[in-house]
Amino acid sequence: MRRFSWFNATSLTLGFAFLYVPMIILIIYSFNASKLVTVWAGFSTKWYGELMQNEAFLDAAWVTIKVAVISSSIATVLGTMAAIVLVRAGRFHGRTLFSGMIYAPLVMPEVITGLSLLLLFIGIGMDRGIVTITLAHATFSMCYVSVVVSSRLISFDRSLEEAALDLGCSQFEAFRLVTLPIIAPAVISGWLLAFTLSLDDLVIASFTSGPSATTLPIKIYSAVRLGVSPEINALSTIMIAIVTFGVITASLVSKRNAVNRQREEQAAARMT
Amino acid sequence: MAETVFAPWDDSNAKPLIQFKNVTKRFGEFTAIDDLSIDIFEQEFFALLGPSGCGKTTLMRLLAGFETPTSGEILLAGENIVPVPPNKRAVNMMFQSYALFPHLDITENIAFGLKRDKMPKPDIDARVEEMLALTRLTQFARRKPHQISGGQRQRVALARSLAKAPKLLLLDEPLGALDKKLRQDTQFELMDIQEKTGTTFVIVTHDQEEAMTVASRVAVMDEGRIVQVATPDAIYETPNSIYVADFIGDVNIFEGHASAAADGYDIAWGEGQKPLHAKTSVENLDGKQCYLAIRPEKVSISAQKPENVGNAVLGKIHDIAYLGNISTYYVGLPDGKIVKAQTANTRRISRRSFTWEDDVWLSWTDTAGVVLGR
Ligand SMILES: Nc1ncnc2c1ncn2[C@@H]1O[C@H](COP(=O)(O)OP(=O)(O)O)[C@@H](O)[C@H]1O
Ligand SMILES: [Mg+2]
């Protein structure tokens, strides 16, 4: 076993401190009784209570969740379709160009994506609001979905699909009954990725949102410009809690799956 | 009355189940199947044999419907199936990689094709039971494919492709992943299942022993063409070309110049050697280049020159390969040519009659070899 070393311990502590001290301070101050953010005046949960009364924040939160769910679902469908075409279509004319165009938005500065979408929406005379934010988010997150799904499809054994056709499936049934269940974990990770991207996007949302709908990141950002309030700290703490919960659940589930699978494989090896 | 032999290919009235009519398949510039025609009959166990890359898998995929011929027709029971998609063909395929569905258990894998046919549930259950019993998998019914061994997976793949009772079952190197012992057992199991179900099997293999064991007829392929189609014994005893003779089993080949002689030819071959004599019905070789192919087991080895035998040559033992049941002697002739002679080891090795560097006579009869023009 590796011996305990002061150097390792120190770098570990410093690293984690660097990552988490800001968040811990934020969490602590969200329970501060004082209105002044930097002065500690005893423990209180009143800011959480006030947050629940704040219509503007609640509206923004609701919009954000709706946008995230709908846009990540659209992105998952489109991104999966694009991935299938890219991986399956073999060599066709302009394939390299097409695949390059799918991945380009990944490296495009968000400001440019946001600006071009804004120009498009103005050009076609679309009122900016929840619909435009959703479309914009679906557009940029579908590239991420397509990257995740195509990396799974590359290692997918085509003969499984052919076997399904051979046994009487139509093309669509073969996809629904064989391909999709097998690549489902990748599609779900793609959806989760798109969902988180949409949740914390500020730049593109600020280009494409309008007076009728604002997302939470925009709301927080504009509120902070007027000064940090303990309410914002409370809101941020809730978001940290949700994200932490999500990450822990996801990793527990995948770990349990891995353990189960390993146990089954060992059982199989023993008995053959 | 004599027992009727199963040989529909000799019966001019028999209707083939499958007919390839001048089928060509090109991938871009590359010709994978080259103007190929064959007939395969009902209840046949038809083996496709050939080196890697000769187009065996492509031929199967044409039958299953995953590839469309560039030209030519494929008939199944007299009907052109080229426009029929794979899911509408009464043909099932057992894939080289087995292609078991990893997210379904063994029962669901076998039931998969039956469900697509909208078969009533009790009938599906009964059919799956039957298939599980046939392939001796009943106790693994609820396992996932990754929870069973390679040999069991192969049987699941077989059960799944047989479940729909296809007219034709295609098996693409079905036993490639098994070790030798399991392979042999499975070959007999396959023959047994083929007999029980009466399904027509087309099997691809690159193992000539396997083809000889299981098949009613063997087709030897080379570069997208069929070189010879015949029963296993005919293809072994009377190959139609050096390629086939060389591909199926071991063979010694003498190249020489033919001149017509009693019932066959005299073949002048080596400097200062007596011409070899071979009886044959092959015509039009007089005065031409020809080949004499002789199987090692048809070559006798002796210390003295044998009397009354068609052909005899003197040589020196170069090497001996002891294979347990048989020994192969590699005998060097004066011109440097090596000839293989095989004898069964009926005696213990310590009493073997020949050893390295012994001078020996190799001999064979007039009818032991096959005279080939190419
Ligand atoms: N889809 C394809 N595209 C291009 N070439 C192919 C394709 N499928 C097979 N081939 C070529 O056709 C030849 C025959 O392949 P195959 O039928 O798989 O051979 P076998 O099964 O006898 O080893 C090979 O040279 C292979 O490279
Ligand atoms: Mg092959």
Evaluate the charge dipole of chain A about its Cα centre and quote only its size in Debye, nearest 20, assuming +1 on the Cβ of each Lys and Arg and -1 on the Cβ of each Asp and Glu. 720 debye
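Can you pull the mean other chain C-beta count within 10 Å for peptide B:80-93? Don't skip to the end; give the middle numbers.
On the way: counts 0, 0, 0, 0, 0, 3, 9, 10, 3, 3, 0, 1, 4, 6.
Mean number of neighbouring Cβ atoms from other chains: 3.
In terms of the Cα gyration tensor, with a ≥ b ≥ c the square roots of its eigenvalues, is the protein assembly as shown rounded because a/c is under 1.5, prolate because a/b exceeds b/c, or oblate? Intermediate values should be presented prior to the final figure.
Values: a/c = 2.93, a/b = 2.49, b/c = 1.18.
Prolate, because a/c is 1.5 or more and a/b exceeds b/c.
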Out of B:A219, B:A261, B:A64, any idea which swings most in a Gaussian network model of chain B, alpha carbons joined below 10 Å? B:A261
Once the dipole of chain A is set up from charges on Cβ (+1 Lys and Arg, -1 Asp and Glu), the residue from the list A:Y20, A:L192, A:V37 lying farthest towards its positive end is A:Y20
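Output the DSSP H helices from chain B with an along-axis C-alpha extent of no less than 15 Å and a mean Kyte-Doolittle hydropathy no less than 0.0. Please report the intermediate quantities before stating the final value.
Working: long enough: B:106-116 (16 Å, 0.08); B:121-134 (20 Å, -0.16); B:150-162 (18 Å, -0.52); B:180-197 (25 Å, -1.41).
Qualifying helices: B:106-116.
Suppose R0 equals 56 Å. What FRET efficiency, 1/(1 + (r/R0)^6) with r the Cβ-Cβ distance, do B:I320 and A:I154 give to the nearest 0.05?
Values: r = 52 Å, r/R0 = 0.93.
That pair, B:I320 with A:I154, gives E of 0.60.
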What whole-number volume per residue, in cubic angstrom, does the convex hull of the C-alpha atoms of region B:239-337 give? 127 Å³
Using protein chains only and a probe of 1.4 angstrom, how many square angstrom of B:S12 are accessible, to the nearest 10? 110 Å²
Please identify, among A:D200, A:D127, A:D166, the residue showing maximal mean-square fluctuation in a Gaussian network model of chain A using a 10 angstrom Cα cutoff. A:D166
Please state the shape class of region A:54-271: rounded when a/c is under 1.5, otherwise prolate if a/b exceeds b/c and oblate if not, all from the C-alpha gyration tensor. oblate
Between the modelled labels at B:A234 and A:L192 (7 Å from Cα along Cα→Cβ) the distance in nm is 6.4 nm
Candidate residues A:M52, B:M94, B:M191: accessible-area rank, largest first, probe 1.4 Å: A:M52, B:M191, B:M94
For region A:54-271, build the charge dipole from Cβ charges (+1 Lys, Arg; -1 Asp, Glu) around the Cα centre, then report which of A:F57, A:V107, A:I242 sits farthest towards its positive end. A:V107
So in the protein assembly as shown, what percent of DSSP beta bridges are antiparallel if you round to the nearest 5? 75 percent
Please give the average number of partner chain Cβ atoms lying within 10 Å of the Cβ of each residue in B:97-105, rounded to a whole number. 5
Anchor B:K337: lysines whose Cα lies under 29 Å away (excluding residues fewer than 8 positions away in-chain): B:K274, B:K279, B:K288, B:K298, B:K305, B:K316
Taking each residue of A:155-164 in turn, how many C-beta atoms of other protein chains fall within 10 Å of its C-beta, and what is the average? 6
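Which pairs, out of B:K88/B:K121; B:K88/B:K196; B:K25/B:K121, put more than 32 Å between their alpha-carbon atoms? Show your work: numbers first, answer last.
Values: B:K88/B:K121 21 Å; B:K88/B:K196 25 Å; B:K25/B:K121 41 Å.
Too far apart for the 32 Å limit: B:K25/B:K121.
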Please state the shape class of region B:110-173: rounded when a/c is under 1.5, otherwise prolate if a/b exceeds b/c and oblate if not, all from the C-alpha gyration tensor. oblate
When chain A is treated as a GNM, springs tying every alpha-carbon pair under 10 Å, which of A:L12, A:L153, A:L202 comes out with the largest mean-square fluctuation? A:L12
Taking amide hydrogens as modeled 1.01 Å from N in the peptide plane, which residues meet the under 5 Å criterion relative to B:V299, leaving out close sequence neighbours? B:Q342
The longest stretch of chain A containing none of the trypsin sites (Lys or Arg not before Pro) that sit in a DSSP loop with at most 10 other Cβ atoms within 10 Å is A:92-272
Can you send over the solvent-accessible area of B:D233, 1.4 Å probe, protein chains only, in Å² to the nearest 10? 100 Å²
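List the longest stretch of chain A that has no exposed loop site; here a site is one of the chymotrypsin sites (Phe, Trp or Tyr not before Pro) assigned by DSSP to anything other than H, G, I, E or B, with at most 10 other Cβ within 10 Å.
Numbers: sites that count: A:F4, A:F92.
Result, exposed sites excluded: A:93-272.
Based on the Kirkwood radius over alpha-carbon pairs, what is the Stokes-Einstein translational diffusion coefficient of region B:1-45 at 10 °C with 1.306 mPa s viscosity, in µm²/s?
125 µm²/s
Could you please report the charge total around B:P8, scoring K, R as +1 and D, E as -1 over all other residues with beta-carbon less than 11 angstrom from its beta-carbon? Display every interim value, and only then the final one.
Numbers: positive: B:K15, B:R217; negative: B:D10, B:D11, B:D39, B:E42, B:E44.
Result for the local shell: -3.
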At a Förster radius of 56 Å, what calculated FRET efficiency corresponds to the Cβ-Cβ distance of B:D192 and A:M101, to the nearest 0.05? 0.50
Which distance in nm do the two modelled labels at B:A260 and B:D34 give, with both placed 7 Å along the Cα-to-Cβ direction? 3.3 nm
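Roughly what % of Cα-Cα distances in region A:24-155 sit above 19 Å, to the whole percent?
Working: 5709 of 8646 pairs.
Tail of the P(r) past 19 Å holds 66 percent of the pairs.
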Run the 1.4 Å probe and let me know the accessible area of B:V214, rounded to the nearest 10 Å². 10 Å²
Placing one equal point scatterer on each C-alpha of chain B and summing with Debye, one gets log10 I(q)/I(0) at q = 0.07 Å⁻¹ equal to -0.42
Among B:G287, B:G336, B:L362, whose Cα sits farthest toward the positive end of the charge dipole of region B:250-372 (+1 at Cβ of Lys/Arg, -1 at Cβ of Asp/Glu, about the Cα centre)? B:L362
Estimated FRET transfer efficiency when R0 is 41 angstrom, pair B:R225-A:A250 (beta carbons, to 0.05): 0.15
For region B:1-107, what is the charge dipole size about the Cα centre, in debye to the nearest 20, if Lys and Arg each add +1 at the Cβ and Asp and Glu each add -1 at the Cβ? 420 debye
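So what are region B:189-291's ellipsoid semi-axes, whole angstrom, largest first, if each one is the square root of 5 times an eigenvalue of the alpha-carbon gyration tensor? Kindly include the intermediate steps, with their values, before the conclusion.
Working: eigenvalues 255, 34, 28 Å².
Here the semi-axes work out to 36, 13, 12 Å.
Hey, got a sec? Which trypsin sites (Lys or Arg not before Pro) in region B:139-225 land in a DSSP loop and have at most 12 other Cβ atoms within 10 Å?
Details: sites: B:R142, B:R143, B:R153, B:R155, B:R160, B:K164, B:K167, B:K180, B:K181, B:R183, B:K196, B:R217, B:R225; in loops: B:R142, B:R143, B:K164, B:K167.
The qualifying sites are B:R142.
Quick one, could you list the DSSP H helices from chain A stretching 30 Å or more along their long axis (Cα atoms) with average Kyte-Doolittle hydropathy of -1.0 or above?
Numbers: long enough: A:6-30 (34 Å, 1.57); A:55-88 (49 Å, 1.49); A:130-154 (35 Å, 1.54); A:230-271 (61 Å, 0.23).
Once both thresholds are applied, what remains is A:6-30, A:55-88, A:130-154, A:230-271.
The values are calculated or read from the model by the stated rules, or taken from the named source; none is laboratory data. Values in this document were obtained by computation on a predicted structure and should not be read as measured data. No Cβ is skipped: glycine too gets one built from the backbone with ideal geometry, and neighbour counts run over all protein chains shown. Calculation scope for accessible area: heavy atoms of the full protein, side chains included, ligands and nucleic acids excluded. Shrake-Rupley method; radii C 1.70, N 1.55, O 1.52, S 1.80 Å.
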